[in-house]
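Each reported figure results from applying straightforward, stated rules to the coordinates on display, with no laboratory input. For clarity, every value in this text was computed on a predicted model and none was experimentally measured. Virtual Cβ from ideal backbone geometry, glycine too; neighbours counted across all protein chains shown.
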Amino acid sequence: MNKKFHHLISEASKIILDKNAEIRLAATCLLAGGHLLIEDLPGVGKTTLVQVLAKLLGLKNRRIQFTIDLLPADIIGGQIFHPQEQKFIFHPGPLFSSIVMADELNRASPRTQSALLQAMEEGEVSVDGTTWKLPRPFYLIATQNPHKQIGTFPLPESQLDRFLMSLELHHASKSTEVTIFQRKDAKLSMDQIESLFSEQEIIEILTQVEEVQISPAVALYIADLLERSRRPDFEGMQLSTRAGLALVRAAKAWAFMEGRTYVRPEDVQEVLIPVLGHRLGGSHGINKGREWALALQKNTAVPV
Amino acid sequence: MNKSFFSQKFFSFSMIIAMGMLAFEVSFAVTFFCIAMIFWKWGTESRSWPNLSRKVTGALSVLLLVGILLKYRTLMQQEPAFTFLLGLSALKIVDYINERDHKFLVLLGFLLLGAKSLFTLDFIWIVPSTVALIGLWSSLLPSFLKHQTSYLIKISIYSLPMTVLLFFAFPRVVLPWAISRGGDAQGDIGFSDETDPGRMSEIASGPNIAFRVKLENIYFNKPKSFYWRGAVLTFSKGLSWRPGHSELKTTQETDFSKEVFYDVAIEATSQNFLFALDGTTAIDLPENTVLTSTFLTFKTVHPLLKSAVYRGYWKNKSIDSEKPNDDFLQTPSLRGRSLKWVENIKNKKLLEYQKIDELKKLFSADYTYTLKPGSYREDELNTFLFDRKKGFCEHFAGAYATLARAIGIPSRVVVGYQGGRYNPVGEFWKISQKDAHAWVEIYTESSWKRIDPTSWVAPLRLEIGGEEFFSLNEEDQKYFSHSLQKSLRSQNSVELWDKLSFWLEDLNYRWVYFLLEYDKSSQEGLWSKIFSYKVSTLITFILALILNILLFRKFLSQRSSKNQAQMLIDKVETFGSKMGLSRAPSEPPLAYLKRLAKELPELNEALSKIETYYDHRMYAGTAPSTSGHEVLKIWKAKVKKIASKPSQ
């Protein structure tokens with residue numbers, strides 16, 4: 001694996017214990033230039049994960065706590081009248097930073113959720129007819145509570161599709177918890193973290209990831225996966241071409257982290273569940289989707 | 001996966017070449033149909049015209065078959081076979097949509113090329129055939145393989161020894177149906193032993209070559225003295241003549257080896273005539289019995305169904321001095337002016353040589369020598385002799401001989417060829433259909449002497465040969481036919497085009513000669529030196545068959561479009577499943593190799609080699625450092641070691 005990424009993961013796992021795989025997937029998602037959705041109960045370390053990653057990658061991060069009464073202007077920003085200059089001036093909202101953590105996204109009203117759509121897809125927002133570019137890179141890391149909690153608005157499928165990956169952070173194991181309880185507060189040690197990358201480097205990495213090669217065999221494998229999901233005997237949602245592209249991007253990023261310039265089917269399999277889980281689940285929830293993604297992987301032959 | 005015909009440029013090009021080579025041999029309607037079908041396919045692919053459904057094309061092919069069977073009553077001849085193959089190919093091109101169609105079309109392409117080569121030995125066809133063959137082959141190669149040329153070369157090298165072996169050792173069977181040219185009884189040469197007025201000029205209008213001659217030690221420098229006897233006609237019907245009775249006997253087994261000889265390479269004629277230089281005493285044709293007639297003409301027992309080479313033995317003067325009976329004075333009853341002329345000569349009570357002079361005088365008058373004399377119907381002799389005065393050699397010969405008989409000189413008409421064109425490059429003579437000729441032999445001074453009435457009418461025709469004569473325009477023909485000083489085209493400076501055509505002709509001749517020369521007898525000669533021909537043939541046949549099967553199997557295994565990396569994994573998988581470690585379909589090959597390496601540490605090295613190879617080849621798209629063969633060797637060696645060890 002690429003040394004720098006190895007370092008990143010080992011640094012991150014010093015603070016977030018026992019979550020190596022998730023850290024790695026989250027980093028992959030960011031390298032692929034995609035947005036991340038984390039679904040889990042409160043208090044399992046979602047916020048910490050995001051903060052640690054942002055710090056290590058050298059990116060500015062903001063956090064928006066979503067509530068039912070949060071309005072689009074609260075996150076995007078708005079025109080405010082300046083009496084001295086006799087004109088409206090745009091005040092950017094918290095969305096204008098490299099990593100935006102949208103906490104409990106599914107507590108917000110659908111209107112506010114959809115305000116994020118343009119930002120996620122195009123990297124810019126429009127206010128009163130003027131378009132404002134978001135910083136580049138721009139990542140949205142959203143967390144959401146499990147589906148059936150009271151007072152949630154489930155994200156529509158179109159919006160789910162805009163997240164490259166969805167992750168689950170399970171409860172820590174008992175022994176890990178014992179360690180956590182004994183050590184210093186994670187927040188204190190977070191201050192000592194030094195960033196490993198600069199914003200410029202991240203932008204370069206993004207272009208390098210784009211250049212990772214996909215051989216015919218691997219492309220065929222991804223096409224086979226999509227085809228399989230469209231068969232009548234498959235329970236989950238049908239996968240779109242965009243889902244396939246997401247898989248390609250994620251697999252490329254994974255291969256890049258491994259220090260390779262080409263993708264193997266293994267890379268695809270590594271990112272398959274997080275990339276396809278929320279896409280396959282639909283109204284059945286991400287958990288069900290992950291089961292189906294696993295079934296899809298098991299039932300699709302790797303082209304030899 | 002759908003395929004489009006025209007997007008595979010080389011393949012479609014080859015297919016069209018293969019079809020084009022046959023298109024000249026079938027009727028125009030069929031050619032037009034094929035062009036229309038190909039055009040339609042082009043339309044559907046690039047102009048989104050409606051596609052013909054398979055039902056329609058299927059119905060059309062059935063119609064085609066029925067039509068051919070109704071017209072020709074067989075599929076076993078050249079034209080019906082060509083028509084069927086061409087039509088089917090065109091329809092299949094319209095159908096062309098997937099891999100199966102592709103394979104079928106390639107097969108049809110091979111058949112087209114094979115059919116063409118079966119009927120034509122011409123060298124010229126080799127070039128387009130080779131191009132088309134390569135095109136068809138290369139379209140079958142797996143697309144993953146980038147080095148198609150090297151692959152093709154490899155295959156050619158593999159097949160080369162077999163081709164040579166087959167050429168030298170494959171039993172030569174004369175297949176009548178294979179060479180027969182269809183319903184046309186005349187054959188390609190169009191020669192027949194009857195001289196109906198106009199029949200000869202019909203032959204002479206054809207552009208085809210009749211035969212080629214290599215003179216070994218006979219020195220001729222002018223086509224004028226080149227008279228090739230085909231048949232002798234003894235029954236006069238006035239202007240036209242028919243063959244009479246003649247006795248045929250086999251050539252005596254004498255030793256001709258000391259005699260002067262010449263070799264004739266003749267195209268398939270489907271007839272029995274052999275053309276012999278005037279003065280030939282015997283003809284030697286392997287595989288066929290040659291009969292000699294009393295008129296010094298030669299015939300084969302079996303018709304010439306394929307091209308052949310025969311050798312003629314020649315004496316400078318072999319005089320036929322057999323005294324003719326009264327049959328040679330037979331004429332139809334003459335009428336009108338010709339009767340008057342005959343009576344007039346008879347009344348003069350002339351000597352024989354004077355009579356001959358009179359005949360010469362008659363024919364030296366203002367006659368026109370032309371290929372298009374018009375047809376003579378009623379009272380043909382008088383119309384020709386005294387009214388129209390236009391004719392081709394057979395008219396002059398026929399009329400001359402009839403009149404000669406009428407005035408008491410025994411005579412006969414000889415048909416054959418006269419003249420030819422010398423090829424200085426290959427040092428052989430080419431006698432073409434344009435050289436078809438007829439002349440007269442009269443019995444005088446106790447031997448048969450050749451009289452050529454044409455020589456008085458158009459001496460230039462005899463001087464320069466038919467091919468060159470008819471290449472002049474009609475006015476030039478008229479103008480020059482009486483003058484022997486031909487200065488129109490200087491004979492000394494051979495133009496560039498002529499040189500080129502000589503060179504091409506020579507190449508063609510050598511090729512045909514080589515193919516023909518190497519037939520059964522020389523094959524037998526080669527083998528009899530080693531051991532019995534029959535046994536050797538059987539052995540070679542079986543050997544060739546086995547080789548073919550092996551090659552085909554090899555080809556098929558390549559055909560499964562697997563590259564070496566994939567085949568390596570196949571091998572490992574086969575081995576793995578024997579060891580109880582099979583791969584689930586969803587397990588990536590590399591992961592499987594790693595798992596195997598963990599389970600079978602003694603194979604670690606070989607497996608990691610395979611892994612690297614596969615990874616490079618399949619995923620990275622770079623050339624692996626070790627070749628697939630080497631990796632396979634290492635793997636096989638390791639596996640052998642394990643297999644030889646007793647299982648724990």
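Numerical summary
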{"item": "Debye log10 I(q)/I(0) for the range A:66-121, one point scatterer per Cα, at q = 0.14, 0.21, 0.23, 0.26 Å⁻¹", "result": "-0.43, -0.79, -0.89, -1.04"}
{"item": "Positive dipole terminus of the range A:81-200, leading residue within A:Gln192, A:Pro154, A:Ser175 (C-beta point charges)", "result": "A:Ser175"}
{"item": "Spatial separation of Cα centroids for the range A:15-73 and the range B:573-644, in angstrom", "result": "41 Å"}
{"item": "Which of A:Trp292, B:Trp511 has the fewest Cβ neighbours within 10 Å, and the rest in rising order", "result": "B:Trp511, A:Trp292"}
{"item": "Label-point separation, B:Glu343 to B:Ile642 (7 Å along Cα→Cβ), nm", "result": "11.5 nm"}
{"item": "Calculated FRET efficiency for the pair A:Asn299/B:Ser627, C-beta based, R₀ 41 Å, to 0.05", "result": "0.70"}
{"item": "Per-residue ³J(HN,Hα) for the range B:259-267, Karplus 6.51 cos²θ - 1.76 cosθ + 1.60, θ = phi - 60°, Hz, x for Gly and Pro", "result": "7, 6, 9, 9, 10, 10, 9, 10, 6"}
{"item": "Full-stretch length increase - B:Leu545, B:Asp366 - with 0.36 nm per residue and alpha-carbon distance subtracted", "result": "57.6 nm"}
{"item": "Cα-derived Rg to Rh of the range B:2-81, Kirkwood definition", "result": "1.00"}
{"item": "Largest-first principal axis extents of the Cα set of the range A:161-205 (Å)", "result": "40, 33, 13"}
{"item": "Mean shadow area of the range B:403-460 over all directions, Cα convex hull, nm²", "result": "5.4 nm²"}
{"item": "Pairwise label distance in nanometres, A:Ser10 with B:Val56, each label 7 Å out on the Cα-Cβ vector", "result": "7.1 nm"}
{"item": "Ranked list, fewest to most other Cβ atoms within 10 Å of each Cβ, for B:Val94, A:Val178", "result": "A:Val178, B:Val94"}
{"item": "Exceeding the 23 Å Cα-Cα cut-off - candidates A:Lys55/A:Lys174; B:Lys594/B:Lys640; A:Lys60/A:Lys133; B:Lys340/B:Lys449", "result": "A:Lys55/A:Lys174; B:Lys340/B:Lys449"}
{"item": "Dimensionless Rg ratio for the range B:343-469, taking C-alpha atoms and the 2.2 N^0.38 Å reference", "result": "1.14"}
{"item": "Tail beyond 37 Å, pair distance distribution of chain A (Cα, percent)", "result": "15 percent"}
{"item": "The range B:562-644: Cα Rg divided by the 2.2 N^0.38 Å rule of thumb", "result": "1.00"}
{"item": "10 °C / 1.306 mPa s Stokes-Einstein diffusion coefficient of the range A:211-295, Kirkwood radius on C-alpha pairs, µm²/s", "result": "124 µm²/s"}
{"item": "Listed pairs B:Lys346/B:Lys390; A:Lys3/A:Lys298; B:Lys214/B:Lys390; A:Lys252/B:Lys578 exceeding 30 Å between Cα atoms", "result": "A:Lys3/A:Lys298; B:Lys214/B:Lys390; A:Lys252/B:Lys578"}
{"item": "Distance from the range B:1-63 to the range A:118-189 (C-alpha centre basis), Å", "result": "60 Å"}
{"item": "q = 0.20 Å⁻¹, the range A:113-209: log10 I(q)/I(0) [Debye, one scatterer per Cα]", "result": "-1.16"}
{"item": "Semi-axis lengths, Å, the range A:10-138, gyration tensor of Cα atoms, sqrt of 5 times eigenvalues", "result": "30, 16, 13"}
{"item": "Residue order, fewest to most surrounding Cβ atoms within 10 angstrom, among B:His629, A:His284", "result": "B:His629, A:His284"}
{"item": "Extended-chain gain in nm, criterion 0.36 nm per residue less alpha-carbon gap, B:Leu65 and B:Ile35", "result": "8.9 nm"}
{"item": "Cut-off 19 Å (backbone N to label point 7 Å along Cα→Cβ of B:Ile97), residues of the range B:53-70", "result": "B:53-62"}
{"item": "Size of the range B:9-140 as Cα extents on the principal axes (Å, biggest first)", "result": "41, 37, 24"}
{"item": "Difference of contour (0.36 nm per residue) and Cα-Cα distance, A:Lys184 to A:Glu199", "result": "2.4 nm"}
